[in-house]
Amino acid sequence: MNGATDHFWEKAQRWEELVEQCRALALDVQFPTVQAWKQRTGGQAVGCFPVYTPQELITAAGALPVNLFGARGQIDIDHADSRIQSFVCSIARSTLELGLAGHLKWLDGFVVPSICDVARNLSGVWKHNFTEGFLFYMHLPQNVDSDAAKTYYRGELERLCDCLSDKTGRPVAEAPLRKAISVFNRNRSLLNELGARRSAQPEKWPSSHIYAIVATGNVLSREEHNALLERALALGEASLRPKRDAVRVVLRGAFCEQPPLELLEVLEDAGCAVVDDDLQIGSRFFLEPVAETGDPLNALVEAYLHGTVLTPVNNPGKRSRNDDLLDRCKKKGIQGIIFASPKFCEPALYDAVLLRRAAERSSLPTLEFEYEEKMSVFESVRMQAETFVESILFFS
Ligand code: SF4
């Protein structure tokens, strides 16, 4: 992989070829496309911890936002356990390990939103251990329906703009911010299109394939990722795949730490057609396009307070996570819900209990298990998923 300058997606002739290249890039802890982007543009690269980091601001400051999802099981934890507890989620430990092992030397700054206690602790540990780049801890508003939340969150965005301007030497002006919003809107619209095609024909658009294609957006500029997604939509449409019996499921719990790709493949092999999920939700956490007219900061405030995908780490305000999940299930003809939570992730594990009760009240079958980045044996999950599928096919 020589980096983004090669535009590997333009050369790919078949869907499988593109997926294979995306998969290799998504798992590459050398971040070749980020390093290539920096060499090419002379700009800075800013890490974004999941979820709800306002990446449009980073782009508008002339920097490259890079979603950091830990090491995706590609490195051993040799140093991080001496700085952070071993009983926290893998993403916190392996993100720290990436830094300590020297894989993030290209990183000029790191934005960590206040999604949970582990993220807060990670930000503190990061600040002590890495003094060269900046660390920005962003306090997200809790009472999203309060009038004060607007002023408060706008203040947080302005604080981040000031920090970015200070580090990049480029003020976050209105025109580039509007342009960034437009590019991100286009990105979400292409991602939604991929999701819609998968929902209509899951056998043609396997989730494990889509996952790899979406993952490249974490390490490419959004313009490049938009071009890649357009190519993916064209190649995917032209690919031929046999129809197979599968039950339509939604996957919940993977909004922050990501499961190993093999886990998605195991679920699909077992007969689960994943037609909705919260995987890599940091790339598409606004439900509707952000307004491209008017004050761009206010547009981002409005979108965050009232238009985000609901996860266990944001406050739903007047909306309900239970209703949201059940509505999606109804609209998409979902036959079962899989709660896959990262080990030690309290927000996901607590939320799964409440959502599972709501699902069961609606007579929707559920399956629940935990995963971690370094998981390498999937037989237990395979057996559970096969039993789950059979119980839906034969007893529902
Ligand atoms: S995986 Fe869960 S506990 Fe870990 S940082 Fe993310 S939200 Fe927090």
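Since every read-out is calculated from the coordinates, none of them should be taken as a lab result. Keep in mind that what you see is a predicted model, and the values were worked out from it rather than measured. Note that each Cβ is placed from the backbone with ideal geometry, even for glycine, and that neighbours are counted across all protein chains shown.
Annotations
- When the pairs Lys127/Lys318; Lys11/Lys167; Lys204/Lys331 are compared against a 30 Å limit on Cα-Cα distance, Lys127/Lys318; Lys11/Lys167 fall above it.
- Rounded to two decimals, the Cα radius of gyration of the stretch 4-175 over 2.2 N^0.38 Å is 1.11.
- For the chain, share of DSSP beta bridges that run antiparallel, in % to the nearest 5: 5 percent
- Other-chain or far-sequence residues with amide H under 5 Å of Asn67's (modelled H): Cys48
- Stretchable slack from Arg159 to Ser239, in nm (0.36 nm times residue separation minus alpha-carbon distance): 24.1 nm
- For the chain, modelled as a GNM whose springs connect Cα atoms under 10 angstrom apart, the maximal fluctuation among Thr293, Thr95, Thr33 occurs at Thr293.
- Of the peptides 225-231, 186-192, the ranking by mean beta-carbon count within 10 Å, highest at the top, reads 225-231, 186-192.
- Here Met383, Met375 are placed in order of increasing Cβ neighbour count within 10 Å, fewest first, which gives Met383, Met375.
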